[in-house]
Amino acid sequence: MAVDDRIRDAVLDEIGQDRVIIIDVIYTELRRRQRFPETSRLARKALASIPDHWLRIDSSNHVTIGDIAPVQNDIRDGRPAKHDKEHWAESTIIAMCQQSANSSSAYLSVKVLFSEDRDGRRVADTVPNMMAVSIHGLFLDRVLGGRMSADEAQDLALVLNRVKRGPEVTAEDFLDPTGRLLGEVASPARRPRRGT
């Protein structure tokens, strides 16, 4: 969202009045990224643009390292870790949603993980009543729903491509209802699996 105000506006429009939860590890990750020249500007902008009404939650009240580590390993998918906290934010969110899916309130709402990490989305997609979406997947949904033109989606995707946050795609790619033309940035399927 911090890459371009038009992307932020599209995401906020899509969220609408839905409840948004930001967990503590997101803030920790963004503050850490402020220390590195290649991510400092975007991290500062991301922190400054988080709406005040989004609910902030301390993840330690809900999950333990023992809950998070297996999810982190699943996301790594056998690849060596670059550092101990790689995929930590996504893993924490997914672990919290797993806890929710196992509770009596599991069917009250669908949880959405908004992530650019393909394996994070893959793992989130296995949690009942949870769905995962990338920015390209969100653009695809908006195009197919008539809330954005394919040309607008392509323009925003090109902005992301310039900062190495996505592949080069065409307007026609956003017109394919299967999302296959967008490749990994639109997968997995964006529909939540219902609990049993």
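Read-outs throughout are calculated quantities, based only on the coordinates presented, and are distinct from any laboratory measurement. If you're wondering where the values come from, they're calculated on a predicted model, not measured in any experiment. We place every Cβ from the backbone using ideal geometry, glycine too, and count neighbours over all the protein chains shown.
Assorted remarks:
- Descending by average beta-carbon neighbour count within 10 Å, the peptides 148-161, 4-17 line up as 148-161, 4-17, the highest first.
- For segment 84-165, the percent of C-alpha pairs falling in each 5 Å distance bin, counted from 0 to the bin holding the largest distance, reads 3, 15, 20, 17, 17, 14, 9, 4, 1.
- Relative to its residue count, segment 42-97 spans a Cα convex hull of 104 Å³ per residue.
- Sequence-distant contacts, meaning Cα pairs under 8 Å at least 6 residues apart, place the relative contact order of the chain at 18 percent.
- Area projected by the alpha carbon convex hull of the chain, averaged over all directions, nm²: 11.4
- Close amide H contacts of V112 (hydrogens built in the peptide plane, cut-off under 5 Å, sequence separation of 5 or more or a different chain): M131.
- Taken about its Cα centre, the chain carries a charge dipole of roughly 460 debye when the Cβ of each Lys and Arg holds +1 and the Cβ of each Asp and Glu holds -1.
- Of the residues Q98, F139, P70, the one whose Cα sits farthest toward the positive end of the charge dipole of the chain, with +1 on the Cβ of Lys and Arg and -1 on the Cβ of Asp and Glu, is P70.
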